[in-house]
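A short write-up of the structure that comes next.
The values are calculated or read from the model by the stated rules, or taken from the named source; none is laboratory data. What you see is a predicted model; the values in this text were computed from it and never measured. Heads up, the Cβs are rebuilt from the backbone with ideal geometry, glycines too, and the neighbour counts pull from every protein chain shown. Side chains are part of the model used for accessible areas, which takes the heavy atoms of the whole protein and leaves out ligands, DNA and RNA. Shrake-Rupley method; radii C 1.70, N 1.55, O 1.52, S 1.80 Å.
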Amino acid sequence: MLDLASLAELLAQPQKIVITTHHKPDGDAMGSSLGLYNYLIQLGHHATVIAPTDYPDFLAWMPGNEEVMIYTEHTEEAAVLIADADIIFCLDFNNLSRINQMGELVGASSAYKVMIDHHLEPQDFDDYRYWDIKACATAQLVYTFIANELGRKDLIDKDVATCLYTGILTDSASFRLPNTTSDVHRIVAELIDCGAVNWRIHELIYNSASENRLRFIGHCLANCLEILPEYNTAIIAVSKTDLAKFDVNTGDTEGIVNYALSIASIKLGAFIVERNDMVKLSLRSKEEFPANEICKKYFNGGGHRNAAGGQSNDSFAVVVQKFKSILPDYKKLLIQ
């Protein structure tokens, strides 16, 4: 295992570094990865961000994005970089299964593995861990890692700040979640002072939808939304036929689950979508309801108490029915 002093000593000299994050990266995954990337290149490191899969177009404007390598499109080149790396930063995930086929490559690499993450129950594959489940975003932890642990706040320039602000903005649901503490707001203020243009970032993330996506959201709300008032639960279930009809691309389903939770009486919102290879679930909850428990126990997933995800190889109809069948077990929590 590495201690902080040893890691800082390594980072004091140029290293071959790979930065990776979970498959289908979201705003925090790419924001934290590119934030760390833009910091490391200032120190002369040979750093590469390798995303296991593609990610939404609304994240493609971030500084350094043009240098990101997508593993599924560059498997051989990525494998060489992982094998030859001195250090691999693993951001916003804590289990190698979350990076798909890359998991075996990262596990087999002789590189030091550094985990920076805020999810529950980390797998022991890392050599250094900067981990806090109370953090609202991995981007928050990347900020404190650079500024506090390494003492290099002076290198948080506009590019670093822009990426980290994006990660915090998206994973805190625009600063609405309970773990958006006063410390988070102080960090955000620092990032704005360092050059992050908060209003512009919000525009690029939330006001850049395609017409197809807007029509798809309308379809979800008009035709796919089901309310179960006896359980204070709302479900949006979308078939692969729906996805094809609206030519849904990566990222177009992002945030739709929040519409279910936005109804005043709803305590648990579910977005269930049929993909070509499996059915995926995204759950959001209010107050103390354990969305992550449902995902972990029944749908091979997990996450945070109020924001979790899972998946199943069962048919779309079976998964929807299975989810509904679980709700009676949680009725007391849902109606209290």
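Summary of values
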{"read-out": "Residue pairs, from the table LYS245/LYS332; LYS113/LYS158; LYS24/LYS332; LYS113/LYS245, whose Cα atoms sit over 31 Å apart", "value": "LYS245/LYS332; LYS24/LYS332; LYS113/LYS245"}
{"read-out": "Region 211-335 - share of DSSP beta bridges that are antiparallel (%, nearest 5)", "value": "75 percent"}
{"read-out": "Kirkwood Rh and Cα Rg combined as Rg over Rh, evaluated for region 138-187", "value": "0.97"}
{"read-out": "Farthest positive-ward along the chain dipole, Cα basis, beta-carbon charges - from LEU11, ALA137, ASN300", "value": "ASN300"}
{"read-out": "Inverse mean reciprocal Cα-Cα distance (Kirkwood Rh) of region 12-126, Å", "value": "13.9 Å"}
{"read-out": "Computed E for VAL80/ALA317 - FRET, C-beta separation, R0 45 angstrom, nearest 0.05", "value": "0.55"}
{"read-out": "Net charge over other residues, Cβ less than 15 angstrom from the Cβ of ARG215 (K, R count +1; D, E count -1)", "value": "-2"}
{"read-out": "nm² value of the averaged projected area, convex hull over the Cα atoms of region 144-252", "value": "9.5 nm²"}
{"read-out": "Accessible surface of region 37-140, 1.4 Å probe, proportion on carbon and sulfur as whole %", "value": "46 percent"}
{"read-out": "Globularity ratio of region 205-336, using Cα Rg and 2.2 N^0.38 Å", "value": "1.00"}
{"read-out": "Exposure ranking of LYS296, LYS245, LYS240 by accessible area [1.4 Å probe, largest first]", "value": "LYS245, LYS296, LYS240"}
{"read-out": "Surrounding net charge for ASN306, when Lys and Arg each add one and Asp and Glu each subtract one, Cβ distance under 10 Å", "value": "+1"}
{"read-out": "For region 1-80 and region 208-257, distance of Cα centres in Å", "value": "31 Å"}
{"read-out": "Cα-only Debye scattering, the chain: base-10 log of I(q)/I(0) at q = 0.12 Å⁻¹", "value": "-0.85"}
{"read-out": "Debye, to nearest 20: dipole size of the chain, +1 on Lys, Arg Cβ, -1 on Asp, Glu Cβ", "value": "1320 debye"}
{"read-out": "By average C-beta atoms within 10 angstrom, highest first, the peptides 158-166, 282-290", "value": "158-166, 282-290"}
{"read-out": "Among MET102, ASN223, ILE116 - extreme Cα towards positive end, dipole of region 83-223, charges at beta-carbon", "value": "ASN223"}
{"read-out": "In nm, spacing of pseudo-spin labels at ASP193 and ALA209 (7 Å Cα→C-beta vector)", "value": "3.6 nm"}
{"read-out": "Considering only the chain, percent of DSSP beta bridges that pair antiparallel, nearest 5", "value": "40 percent"}
{"read-out": "Per residue accessible area of the chain, 1.4 Å probe, in Å²", "value": "45 Å²"}
